[in-house]
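The values are calculated or read from the model by the stated rules, or taken from the named source; none is laboratory data. Because the structure is a prediction, the values reported are computed rather than measured. For neighbour counting, all protein chains shown are included, and Cβ atoms are generated from backbone atoms with ideal geometry for every residue, glycine included.
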């Protein structure tokens, strides 16, 4: 929800009208015109870039003769990071309730299929439960730093097999001659931004998808975020051949976009995961969120954390069907959580897998 991120998306044309994202921010003010609560909302013509997947809901709506698009989304485009979505809810809960009512009115008055609020924090959760929106959850995999001295200190907390595997992966990368370099926004040269764009696009080309971000976006966030925007470059024989892109705040590192100009399996794990863990330890960051999905992250020390979204469905029959789907999905996700326990690499139990947001 950082304004610099959202503004860069719009200023660079990544959210232009043809993109299927139409910004429609909603603001609640007091009697003197001062903002009390707000939501970064978008009218969506598709479900790309959300990380809370509703493709099955869209197909079900179409099969019954209903139109799923356009719909209303409150969230951070292309970014599966939990945080405040009803801005101001913590200090002005009544204004946030008015904001929820405004979202409901917008869905009804424009006859939209639905509204979704993705990756909510605990203040949003309380108010949206109170409002009766449908609640959905999923699992992400985050790394926690209780105060490790160095990477070896972290490895000492793992069981023998995952510790051995991580050391082997890192050794293969080192023996192949790869080295790694971190560069922050205020240090980036045009070649670094070119690399970020090329690597980002390479991942989308690999899976036959269209990339949403462009070089102008990376240039803007490098300028506006400065030291909080980072690229980890993977270099072989003096040439940068892969890169992972990160943001950070005072206590968290956020891994976002990865790409490579050649096939680099072990280099992927090193660049996206192990270099990030090293960075967190060196800089005293408590959490590392490497993005959505990927249970392979568990074996590398990233443990399950619950994420939440809330949904308002206008059509009553569709709402009942989706409510049943969410209930069944939730039971399956809890069974999946039990499966994840078997992958636990830590010497001690993962625990409940809950976050403060839960």
Practice prompt. Kindly indicate which of 9, 15, 27 is at pLDDT 95 or above, under 22 Å from residue 224 (Cα atoms) and in contact with a helix residue (DSSP H, G or I) (Cβ under 9 Å, 6 or more places away or on another chain).
Written response: 9
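Looking at the range 175-187 only, could you name the residues that are out of contact with any strand residue (DSSP E or B) (no Cβ under 7 Å at 6 or more places or on another chain) and surrounded by 13 or more Cβ atoms within 10 Å (Cβ to Cβ)? Give the steps one after another, and end with the answer.
To start, the set of residues in the range 175-187 that are out of contact with any strand residue (DSSP E or B) (no Cβ under 7 Å at 6 or more places or on another chain) comprises 175-176, 186-187.
The answer is 187, and nothing else.
What about residue 234, is it in contact with a helix residue (DSSP H, G or I) (Cβ under 8 Å, 6 or more places away or on another chain), under 16 Å from residue 259 (Cα atoms) and touching a residue at least 12 places away in the same chain (Cβ under 8 Å)? Break it down into steps so the answer makes sense when it comes.
Numbers: in contact with a helix residue (DSSP H, G or I) (Cβ under 8 Å, 6 or more places away or on another chain): yes; under 16 Å from residue 259 (Cα atoms): yes; touching a residue at least 12 places away in the same chain (Cβ under 8 Å): yes.
The answer is yes for residue 234.
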Worksheet item: Mind checking whether some residue in the range 231-246 is modelled with pLDDT of 95 or more, buried (at least 17 other Cβ atoms within 10 Å of the Cβ) and not in a strand (DSSP E or B)?
Response: no
Worksheet item: Restricting attention to the range 251-258, does a residue exist that is in contact (Cβ under 8 Å) with a residue 40 or more places away in the chain, farther than 26 Å from residue 344 by Cβ and part of a loop (DSSP other than H, G, I, E, B)?
Response: no
Worksheet item: Among helices (runs of 4 or more DSSP H) lying entirely in the range 116-217, which contain 3 or more residues that are touching a residue at least 12 places away in the same chain (Cβ under 8 Å) and closer than 24 Å to residue 300 by Cα?
Response: 151-155, 160-175, 190-206
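Can we say residue 119 is on the phi > 0 side of the Ramachandran plot and buried (at least 21 other Cβ atoms within 10 Å of the Cβ)? Give the steps one after another, and end with the answer.
Values: on the phi > 0 side of the Ramachandran plot: yes; buried (at least 21 other Cβ atoms within 10 Å of the Cβ): yes.
Yes, satisfied.
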Item to complete: Select from the range 79-94 the residues that are surrounded by fewer than 20 Cβ atoms within 10 Å (Cβ to Cβ) and out of contact with any helix residue (DSSP H, G or I) (no Cβ under 8 Å at 6 or more places or on another chain) and write down the one among them that is farthest from residue 249 (Cα to Cα).
Response: 94
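Quickly run through the range 43-61 and pick out the residues that are under 18 Å from residue 140 (Cβ atoms) and either loosely packed, with under 15 Cβ neighbours inside 10 Å or not assigned by TED's automatic domain parsing to the domain that holds residue 329 (or both). Write out each step before concluding.
Residues of the range 43-61 that are under 18 Å from residue 140 (Cβ atoms), as a first pass: 49-54.
Residue satisfying the conditions is 53 alone.
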Fill in: Residue under evaluation residue 263, criteria (1) surrounded by fewer than 15 Cβ atoms within 10 Å (Cβ to Cβ); (2) assigned by TED's automatic domain parsing to the domain that holds residue 243; (3) in a helix (DSSP H, G or I), criterion not met
(3)
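State whether one or more residues within the range 62-69 are surrounded by 18 or more Cβ atoms within 10 Å (Cβ to Cβ), closer than 23 Å to residue 136 by Cβ and more than 18 Å from the chain's Cα centre (by Cα).
In the first step, residues of the range 62-69 are kept if they are surrounded by 18 or more Cβ atoms within 10 Å (Cβ to Cβ); the result is 68.
Narrowing the set further to residues that are closer than 23 Å to residue 136 by Cβ leaves 68.
Okay, now just the ones that are also more than 18 Å from the chain's Cα centre (by Cα), so 68.
For the range 62-69, residues surrounded by 18 or more Cβ atoms within 10 Å (Cβ to Cβ), closer than 23 Å to residue 136 by Cβ and more than 18 Å from the chain's Cα centre (by Cα): present.
Checking the condition assigned to a loop (DSSP other than H, G, I, E, B) and touching a residue at least 24 places away in the same chain (Cβ under 8 Å), which residue from 15, 43 passes?
15
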Worksheet item: When the residues of the range 48-61 are filtered to those that are under 18 Å from the mean Cα position of the chain (by Cα) and touching a residue at least 24 places away in the same chain (Cβ under 8 Å), which remaining residue is farthest from residue 319 (Cα to Cα)?
Response: 49
